[in-house]
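See structure below.
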There are 4 protein chains.
Amino acid sequence: MRAVRLEAIGDMTMRMVEKPNAEPGEIIVRVLAAGICGSDRHMYKGEYPTAIPVTLGHELCGLVEEVGEGVSSFVGGELVTVDPNIACGTCPACRRGRPNLCANLTAIGVTRDGGFADYVAVPCNQAFTLPPDLDPVHGAFCEPLACCIHAIDKAQIRPGDSVAILGGGVIGLLMVQLARLAGADQIILVTRQLSRREAALRLGATLALDPTAIDAVAAVKDVTHGGVDVIIECAGVPETLQSGVRMARRGGALVLFGVTPAGLEVPILPFDLLVNEVEIRPAYLNPFTHARAAAMVGSGILELDSLVTKTIGLEDVAGVVGSAPLAGEIKVIVRP
Amino acid sequence: MRAVRLEAIGDMTMRMVEKPNAEPGEIIVRVLAAGICGSDRHMYKGEYPTAIPVTLGHELCGLVEEVGEGVSSFVGGELVTVDPNIACGTCPACRRGRPNLCANLTAIGVTRDGGFADYVAVPCNQAFTLPPDLDPVHGAFCEPLACCIHAIDKAQIRPGDSVAILGGGVIGLLMVQLARLAGADQIILVTRQLSRREAALRLGATLALDPTAIDAVAAVKDVTHGGVDVIIECAGVPETLQSGVRMARRGGALVLFGVTPAGLEVPILPFDLLVNEVEIRPAYLNPFTHARAAAMVGSGILELDSLVTKTIGLEDVAGVVGSAPLAGEIKVIVRP
Amino acid sequence: MRAVRLEAIGDMTMRMVEKPNAEPGEIIVRVLAAGICGSDRHMYKGEYPTAIPVTLGHELCGLVEEVGEGVSSFVGGELVTVDPNIACGTCPACRRGRPNLCANLTAIGVTRDGGFADYVAVPCNQAFTLPPDLDPVHGAFCEPLACCIHAIDKAQIRPGDSVAILGGGVIGLLMVQLARLAGADQIILVTRQLSRREAALRLGATLALDPTAIDAVAAVKDVTHGGVDVIIECAGVPETLQSGVRMARRGGALVLFGVTPAGLEVPILPFDLLVNEVEIRPAYLNPFTHARAAAMVGSGILELDSLVTKTIGLEDVAGVVGSAPLAGEIKVIVRP
Amino acid sequence: MRAVRLEAIGDMTMRMVEKPNAEPGEIIVRVLAAGICGSDRHMYKGEYPTAIPVTLGHELCGLVEEVGEGVSSFVGGELVTVDPNIACGTCPACRRGRPNLCANLTAIGVTRDGGFADYVAVPCNQAFTLPPDLDPVHGAFCEPLACCIHAIDKAQIRPGDSVAILGGGVIGLLMVQLARLAGADQIILVTRQLSRREAALRLGATLALDPTAIDAVAAVKDVTHGGVDVIIECAGVPETLQSGVRMARRGGALVLFGVTPAGLEVPILPFDLLVNEVEIRPAYLNPFTHARAAAMVGSGILELDSLVTKTIGLEDVAGVVGSAPLAGEIKVIVRP
Ligand SMILES: NC(=O)c1ccc[n+]([C@@H]2O[C@H](COP(=O)([O-])OP(=O)(O)OC[C@H]3O[C@@H](n4cnc5c(N)ncnc54)[C@H](OP(=O)(O)O)[C@@H]3O)[C@@H](O)[C@H]2O)c1
Ligand SMILES: NC(=O)c1ccc[n+]([C@@H]2O[C@H](COP(=O)([O-])OP(=O)(O)OC[C@H]3O[C@@H](n4cnc5c(N)ncnc54)[C@H](OP(=O)(O)O)[C@@H]3O)[C@@H](O)[C@H]2O)c1
Ligand SMILES: NC(=O)c1ccc[n+]([C@@H]2O[C@H](COP(=O)([O-])OP(=O)(O)OC[C@H]3O[C@@H](n4cnc5c(N)ncnc54)[C@H](OP(=O)(O)O)[C@@H]3O)[C@@H](O)[C@H]2O)c1
Ligand SMILES: NC(=O)c1ccc[n+]([C@@H]2O[C@H](COP(=O)([O-])OP(=O)(O)OC[C@H]3O[C@@H](n4cnc5c(N)ncnc54)[C@H](OP(=O)(O)O)[C@@H]3O)[C@@H](O)[C@H]2O)c1
Ligand SMILES: [Zn+2]
Ligand SMILES: [Zn+2]
Ligand SMILES: [Zn+2]
Ligand SMILES: [Zn+2]
């Protein structure tokens, strides 16, 4: 079968490999759609540790093709989404019910072969059934969505709250939709590209601001009469962390979601955090949220089609992952 | 009567003033004990806004001497502790149940006359009855204790958790006791002065570390097998905020309590916060906790006597507030 | 001015009384709209304690006509909604931040004169400004809505959750809308009258069931694949409490909102509650939610017009309150 | 090896069986201590479903004797406690992070062979290391303790709170200790047997009441000045559920822990629950708490020796499980 292999840092190619066999407890999934994510680019450049060589691709949807020994939850033929993050179950974090903080986390498409291939082997507990008639491209959104749902849980939005979302990539545009579903009254997206601001307004944002054109902090404070209840930082740059905290209403909270480079220091003002009682709540990965994401995608309540800016075949994956995102790119989907 | 007046920034003297009258809804309290707090020194130096002139003293305990019109909750003669922070009741924060974030907060001993005097006028809702035979010096601890209880609420300590307390002033030594009462298993105090580390061990800390002698982060991680569940920052310096975050277990939390100067920036590492899901939870003032503090002080469960390092009369207040704390000072109590 | 007076249990008439004067801290509100609530009927029949004689009417909206001494938050002319429940501020519940459990609760339209009159005196802290151009009829919905918001807070609905609402009176139909705003995916209303089921479907319910025609428990379990995440009981009858608990998903919760008669016993199955870990969470009155209700009504996000089934003048209040609700009645509004 | 087999309902005998082999992923534990629990008596009588035939014993501690294929977390020789409850990992409850509500729960000592035997096979993820020098009898307490910790999590005790514990069996006496560790100020045990009330007072209760001698509700309300913050029901009889709710402070909570017979109805007063906002929070089994229980037992902070009222060999298990508990019995420990 074909697979897009990361052979070494900066070296990725599609080539023929052997189709995987289902080990006991595993299923073989025929990949129908897989999303390319910013992390894939980080892995390509060696900024995020992976197995080498490995097939990347951790946002995937496909059909169960083969069922290994001891698997009773699938018979074959099901449309499934895959939670790529495999917690060990025995480390202290797992035993406290915090699998996203597992000390021995492994991941499909990172430390073992993933979805940029014709087939992928998946431990059966990591696969979640979707409605059979669902567009597999939608199914490929379950993984990022599950992370966003965890962030929304941490955001504790109450009906009537105001929410600012910083960064209008695919994550920010999913967060806009989730904030709307969580009952936010005002939903303000801050992002630089016009096309994304327009998309946000179509997806439920009540306001979209360009931080290069205006003072976003002042604007947000103004429209929210003093500060926003919840900020969801999903740009992953120092500016948004800093401006995010300053946008908060007294008693508000910032959900930290964007990934800044390891080691990068960002100055904050502890006095302001304190007297305004602004909490910082990080949300990392997808603890116990993949099933909810699958249900939500399955229900059709999210607008996902307009987030797909390009669809490619396996032969084009290396090219896309190996280059910077094009202007306007939101989500590139691979259809093997 | 006598009162210690802040006449101008840097200018404080004891002098005779008229005894206050009880306005409708107020009571007159004869002050039996009042604590000097670090904030008093900040106010003296103009680093924290106050009325001028004003009588300072916001940690106070005394006897109800006179009862104004319309007051039914006191008859006179009760021993009371006073919550100095007066929320307006009508601003958005008050109406959301967040009185500590009141936009119009006033305070006894800050914006109106306080307890470094023979008598003080107090809105009756701000006074809380104590057992009549309680040592009034203990009663003077209710105010800082109420703030600490709010911090402990935010800390969400569960039986068996480990807690690190950074800064061994009176706040840190109260937090040690509260952490013990909240069921913490390991309680680690980090502070520089030996006398405080010794005090902490007497008060329930299981370990006390000198951050100038050893690597406190490494030591805490070591004894807690990887990181502490909760850090309570009560030194108010950049070092402890930074080291505090680094001591946390994955999934842990830092309660921000110490007051750093307004405008002071402290660099943090967002990547580390994120992948370790370490929350930062500020705790400011005493929302709905003064009654609990009064009950706790009244129950006698806290060791407070050893926190009083000096007792002075009104005539010595200006001298103490006007100078830096002496080495070994924990709490100076004024007994008019 | 005119006022509808409860003179004795079962004896209510409109008559001329003196217009109230604004005491210090009070405002006089000219009533533009006031809702009749089931509790008014209970008070009429002596099933709920009130002052006697008293003017009923606790759901009210009007214009500030006069401003008493010491009131700075109003100048006159503002459109306001009134939170009728006046907490004492000093009882243990108030001091723990639980004003709805105040031991000395008084209420406008219950223990002091209310809104079925041309004018009503209101302590200024109980009044909340609305947009000047808001329909006052909408303003009269703030009070029941504030109670519903408290229930929704207790419900802890997460995006994607399923919610069953039992009882399709005005409360149930507000809950349908709030559940939708809180991100519920499936919203099932159970009520007997067809007109209400139809209304619910227009207002956002995804399913509406007649409990007399089908087995509602079985139907809810079926459409939710095993049980609903949250049940909001707002019928106030034993049947719905019992069936509500049985509809719950394992790990679900029932919010108890309906008022059953004092002393009425309802059998529950503790074994089932336990092994399914179904929590029962009562929600009583409107702690710190009136401002949120006012903001939500002001934003226009709720559909309220279709909940008003009749509009009457003061002269008809006694007749309506003194009779049972007509079939199809949802909310009767009084416009003096 | 020897094993105490439940051969049929009401028929239990010790006999020789084959020593189990470690399947892949399993370990063989040599049992050093196993507790007899009320559930064992229910299983014996057929009141709780089990496999038949099966070796009972789900509270166990022992030495790792053999390590199956693929097990890397043990090498042999470790002292371990076993979490008997095995969640499937794939049902909706498991995937929402609620393993105690697993739809396919199996259990060691219930649906597969347990610890009333010389050896027991254990999936390695169910075993938790204890300090090597710990008394194995203490290790046998981890299982009930883990359930109690879950209840304490649900109780949300804050320092200074009052707690009433209803039922003074082994569970009640563990809860007394946990409530003390959680910072409860007043801890009131209600139980009929004098010896248990005396034990409770030694273990940290501040008051112990005999419900047959006095009106426990009135007494609790009296000493807590109006009602207790948290009630933990661990008697499993209708009386305690009913009196428990009535003891609550307004705004308090009852944690439902005791197991009443399936199908047994208990009348409650919804009006009282509502206007007092008393929550009912069931706590079932041990979700993510076994590691915390193991750490707590390992730390030696609990007094467990005095809870052991009898120690027997395997040959006496059938006799004890087949008879009603003797007066004064708290925990019977089996040492094979
Ligand atoms: N915590 C987790 O579990 C988790 C999971 C998945 C992803 N993430 C992280 O979430 C973040 C967003 O992911 P993504 O896929 O949406 O990535 P993305 O496309 O890189 O989105 C981030 C967007 O933020 C915007 N941005 C950059 N600087 C900005 C500024 N100063 N102000 C406002 N917006 C700014 C950019 O859009 P414009 O050009 O329009 O400004 C950028 O495209 C990334 O950091 C990713 O690593 C975290
Ligand atoms: N959030 C609130 O509502 C609230 C309320 C009251 C007070 N506060 C704040 O809480 C803090 C503590 O109050 P306090 O009255 O206890 O003041 P304090 O006596 O000034 O205590 C702080 C102590 O921290 C220790 N410290 C300083 N640098 C340190 C370091 N690098 N590492 C470890 N310890 C260090 C010092 O003791 P050593 O000399 O022993 O190191 C110092 O005495 C203050 O910032 C105060 O403003 C906050
Ligand atoms: N907790 C609080 O703070 C608070 C505040 C306000 C109101 N409440 C209470 O909330 C409840 C609802 O208020 P409301 O104004 O909406 O009163 P309502 O009009 O009396 O609504 C209750 C509705 O429940 C329906 N119902 C009755 N039996 C039913 C059954 N067996 N199954 C399903 N539905 C049934 C009835 O409609 P159908 O004829 O269509 O069945 C009835 O009209 C009342 O008990 C009220 O006292 C509580
Ligand atoms: N939720 C869970 O996950 C879980 C886990 C384990 C156990 N449990 C349950 O927890 C309960 C306690 O377990 P246990 O092992 O301690 O059982 P236990 O020994 O049967 O303890 C219950 C005790 O409650 C007391 N009691 C009975 N009627 C009472 C009354 N009217 N008022 C006050 N006390 C009364 C009895 O002691 P006196 O004779 O002294 O009155 C009885 O011994 C059981 O129902 C058990 O099934 C639940
Ligand atoms: Zn793990
Ligand atoms: Zn205020
Ligand atoms: Zn009150
Ligand atoms: Zn399961």
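Could you tell me the center-to-center distance, by alpha carbons, between the stretch D:101-133 and the stretch B:289-304 in angstrom?
Using only Cα atoms, the two centres lie 45 Å from each other.
Regarding chain D, what's the average projected area of the Cα-atom convex hull, expressed in nm²?
Approximately 16.6 nm², given one-decimal rounding.
Let's test the formula: R0 of 35 Å, r as the Cβ-Cβ distance of C:Ser299 and C:Ala324. What FRET efficiency results, to the nearest 0.05?
Details: r = 35 Å, r/R0 = 0.99.
Working from the Cβ atoms, E equals 0.50.
By count of other Cβ within 10 Å, fewest leading, how are B:Met16, A:Met296 ordered?
With the fewest neighbours first, B:Met16, A:Met296 line up as B:Met16, A:Met296.
Taking θ as phi - 60°, what are the ³J(HN,Hα) couplings along the stretch B:71-81 by the Karplus curve (6.51, -1.76, 1.60), each to the nearest whole Hz, with x for Gly and Pro?
Using θ = phi - 60°, the values come out as 9, 10, 7, 9, 10, x, x, 6, 7, 10, 10 Hz.
Would you kindly derive the ³J(HN,Hα) couplings of the stretch B:122-134 from the backbone phi angles with the Karplus curve 6.51 cos²θ - 1.76 cosθ + 1.60 (θ = phi - 60°), listing them in order in whole Hz, with x for Gly and Pro?
Working through the residues one at a time gives 9, x, 4, 5, 8, 9, 10, 5, 10, x, x, 8, 6 Hz.
Straight-line reach from A:Lys19: which aspartates and glutamates fall under 17 Å, measuring Cα to Cα and dropping same-chain residues less than 8 apart?
The reachable aspartates and glutamates, counting only those whose Cα sits under 17 Å from A:Lys19, are A:Glu65, A:Glu66, A:Asp113, A:Asp118.
Report the residue, chosen from B:Cys148, B:Cys91, B:Cys61, that carries the largest GNM mean-square fluctuation when chain B is represented by alpha-carbon nodes joined by springs under 10 Å.
Its mean-square fluctuation being the largest, the pick is B:Cys91.
Which distances, in nm and shortest first, link the B:Pro261 label point to the same label point in every other copy, taking 7 Å along Cα→Cβ?
3.1, 7.1, 7.4
Under the classification rounded if a/c is under 1.5, otherwise prolate if a/b is larger than b/c and oblate if not, where does the stretch B:1-112 fall, given a ≥ b ≥ c as square roots of the Cα gyration tensor eigenvalues?
Details: a/c = 1.90, a/b = 1.06, b/c = 1.80.
In terms of gyration-tensor shape, oblate.
Relative contact order for the stretch D:191-311: what is it in percent, counting Cα pairs under 8 Å that are at least 6 residues apart?
Contact order relative to length: 18 percent.
Residue by residue through the stretch B:280-288, what is 3J(HN,Hα) from phi via Karplus (6.51 cos²θ - 1.76 cosθ + 1.60, θ = phi - 60°)? Round to whole Hz and write x for glycine and proline.
Per residue, the Karplus-derived 3J(HN,Hα) values read 10, 10, x, 10, 10, 6, 9, x, 6 Hz.
Could you pull the copy-to-copy label distances for C:Gly77, with points set 7 Å along Cα to Cβ, in nm to one decimal and sorted shortest first?
In nanometres, ordered from closest: 5.4, 7.4, 8.8.
Explain nothing, just the number: dipole magnitude of chain C about its Cα centre with +1 on each Lys and Arg Cβ and -1 on each Asp and Glu Cβ, in debye rounded to the nearest 20.
Numbers: 27 positive and 37 negative charges, 111 e Å.
It comes to approximately 540 debye.
Would you tell me which residue of chain A has the beta carbon closest to the rotation axis bringing chain A onto chain C, and how many whole Å away it is?
Here the nearest residue and distance are A:Gly183, 3.
In whole percent, what relative contact order does chain A give with Cα contacts below 8 Å and a gap of six or more residues?
Contact order relative to length: 19 percent.
Can you sort C:Arg5, C:Arg335 by how many other beta carbons sit within 10 Å, fewest first?
C:Arg335, C:Arg5
Measuring label to label, 7 Å along Cα→Cβ, what does C:Ser299 give against each other copy in nm, shortest first?
Once sorted, the set of distances for C:Ser299 reads 1.9, 4.1, 4.3 nm.
So what is the 222 nm mean residue ellipticity for the protein assembly as shown from helices alone, if each DSSP H run of at least 4 adds -39500 (n - 2.57) and you divide by all residues, rounding to the nearest 500 deg cm²/dmol?
-7500 deg cm²/dmol
Which of C:Ser73, B:Ser72 comes first, and how do the rest follow, when ranked by fewest Cβ neighbours within 10 Å?
B:Ser72, C:Ser73
Once Rh for the stretch D:243-336 is found with the Kirkwood sum over Cα pairs, what is the Stokes-Einstein diffusion coefficient at 20 °C and 1.002 mPa s, in µm²/s?
124
Which of the pairs B:Lys221/B:Lys331; D:Lys45/D:Lys154; D:Lys221/D:Lys310; C:Lys45/D:Lys221; B:Lys221/B:Lys310; A:Lys45/A:Lys331 have their Cα atoms more than 25 Å apart in this structure?
With Cα atoms farther than 25 Å apart: B:Lys221/B:Lys331; D:Lys45/D:Lys154; D:Lys221/D:Lys310; C:Lys45/D:Lys221; B:Lys221/B:Lys310.
Evaluate the Kirkwood expression for the hydrodynamic radius of the stretch C:136-194, namely the inverse of the mean inverse distance over all pairs of different C-alpha atoms, and round to one decimal in Å.
11.8
If you find the alpha carbon centre of the stretch B:171-192 and of the stretch D:1-39, how far apart are they in angstrom?
Computed from Cα coordinates, the inter-centre distance equals 45 Å.
Does the protein assembly as shown come out rounded, prolate or oblate by the C-alpha gyration tensor, with a ≥ b ≥ c the root eigenvalues, rounded set by a/c under 1.5 and, if not, prolate when a/b is larger than b/c and oblate if not?
In terms of gyration-tensor shape, rounded.
Since every read-out is calculated from the coordinates, none of them should be taken as a lab result. All values derive from a computational prediction rather than experimental measurement. No Cβ is skipped: glycine too gets one built from the backbone with ideal geometry, and neighbour counts run over all protein chains shown.
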